[in-house]
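Since every read-out is calculated from the coordinates, none of them should be taken as a lab result. None of these values were measured; they are calculated from a predicted model. Cβ placement follows ideal geometry from the backbone for every residue including glycine, while neighbour counts extend to all protein chains displayed.
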Amino acid sequence: MQDPSHKKSRAQLLEESIPQFEQFIESRESYIKALEKTLDLLKKENQQYTTNNLAIRSSIDELVATQQLSNIISTATEPEAIVGALIELTRQVIPVIESNIFLFDPAARNRLSPLSSKGSRRLLLEAEQQVEAGIVDWVIDEKKSVVIPDLEHMLARTSGRNFVIVPLILQSEGIGIYMIHTEKPQQEFSNQDVQLLSVLANQAAVGVENWRNHRQLVKVNEELKAAQAQMVQAAKLAAIGELAAGIAHEIKNPLQVLMLHLELVQAGKPLPNWIEMFSKQVKRLSDITLRLMNFARNVSEDVQMEPINVNKAIEDIVAMVQHEFTGSGIEFTLAYGENLPPVTGNANYLQQVFLNLLLNARDAMPRGGTITLSTALTGFHISIRIADTGCGIPKEIQEKVFKPFFSTKGEKGTGLGLAICSKIIGQHRGEIKIESEPGAGTAFTIFLPVWRAMA
């Protein structure tokens, strides 16, 4: 039988534990509330972090876009690209109805010319009016921007439109203005707006200067190309002058044969196969004339590249000079490579190189000698070697022979022949080398890329 005292102690224990249990529940509820507050706070902080992160990403994207447009402005070589990028950047600062850059006439600051042809006549007239009113002079002299009300819209009771005139300053000198037509009210312009527009205008000034420099470089390059074409043409005509006697003799020989047979035909005593002989001599005259005309034709300023048969190009030049050279005691040894692929080149220019080298070889052998011409395939290049048995060139001056106005011929030479050759071969993406020993002759080797390698 269970002790009653034992039952009593359990009841007492239960009564004593109830307040503790209630206190535990209250503590648990307080803990849960505190935890909920903490979670709410963390949630808000996370939302704020997400918002800030998105804002930072957006700002970075805007900075990257701004940097890209700024690069376009400062590196553009076309006016429309400069103005187009400038307008896009300006729209990130203020609303833009239209805008344009107006540059000063170099002779007079009171004359403006628009950089972009897409600007309206209205904007140009407004810029000219501000020049007459002295506003533009003030903007340039003070190097400050100014916001001017659009009077036309004020009279029409349309408020809010203004013109912004920003100076274009380059190396402390004013080169023009950047004029913006905007709907932003004058009172809403901040100092930051004006400063940002000034920064953009400064970038535009650099872009304008780069565009001017690029335009000048293009002009100079065109003039250099024209001068080079004239030099090559002059060298060709001078070479024809040197070879005039030999060419005349080449033409004279078939003409004499034709005249003799013509007299026999007229006398009723034609030789057998006289018609075949006539055709052969006429073709010979035609070939001589064609080679001469092809060589003497005007040189284009643009070096147009096409597939060239090197062996044929050399053969044509050798045929032109052979009679004159033979009369000077010079023999030719020809060693053409077989089945060579064409090179990438311009026949007119390359033949001028071959002729210059042949004439130099002739001048190096006043008592006669041998010129050896050989061609071969070397990797992705065709090599052309022109060697003579002349006096040779001292090693200490070999590096100078390709420099303009350097000559080993004294007063007889202009010093331009080999310089022109080097320039032409460089334009063909080739290379020309010299090998020479005093008393043992000189050899020039040219390497030209094959046509397939350039395709």
Computed label-point distance, nm, for sites Lys44 and Arg385 using a 7 Å Cα→Cβ extension: 9.1 nm
Linear extension gain, Ala227 paired with Asn110, 0.36 nm per residue minus alpha-carbon span: 38.4 nm
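Which FRET efficiency value, to the nearest 0.05, do you get for Glu78 and Gln192 by plugging their Cβ-Cβ distance into 1/(1 + (r/R0)^6) with R0 = 41 Å? List each step's numbers first, then the result.
Working: r = 31 Å, r/R0 = 0.75.
Efficiency for this residue pair is about 0.85.
Would you please put 111-123, 340-352 in order of how densely packed they are, using the mean number of other Cβ atoms within 10 angstrom per residue and starting with the highest? Let's see the in-between values first.
On the way: 111-123: 15.4, 340-352: 21.0.
Packing proxy ranking, top to bottom: 340-352, 111-123.
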Förster-model FRET efficiency, 51 Å R0, Val220 and Thr333, C-beta, rounded to 0.05: 0.70
Extension gain, Trp274 back to Lys143 (0.36 nm per residue minus Cα-Cα distance, nm): 38.0 nm
Label-to-label distance, nm, for residues given as Lys433 and Thr445 (7 Å Cα→Cβ offset): 0.4 nm
Sequence-distant residues sharing a close amide H with Ile382 (under 5 Å, placed H): Leu448, Val450
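Grab the Cα-Cα distance for Lys400 and Lys312, subtract it from 0.36 nm times how many residues apart they are, and report the gain in nm with one decimal.
Additional length available on full extension: 28.6 nm.
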Two-site label geometry, Ser27 and Leu151: point separation in nm, points 7 Å out along Cα→Cβ: 8.6 nm
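Once the other residues with Cβ under 11 Å from the Cβ of Thr445 are scored (Lys, Arg +1; Asp, Glu -1), what is the net sum? Each step should come with its number before you reach the end.
Values: positive: Arg385, Lys433; negative: Glu431, Glu435.
Computed value for this residue: 0.
Going by average Cβ density within 10 Å per residue, which order do the peptides 127-136, 392-401, 163-172 take, highest to lowest? Intermediate values should be presented prior to the final figure.
Details: 127-136: 16.3, 392-401: 13.7, 163-172: 19.2.
Result, highest mean Cβ count within 10 Å first: 163-172, 127-136, 392-401.
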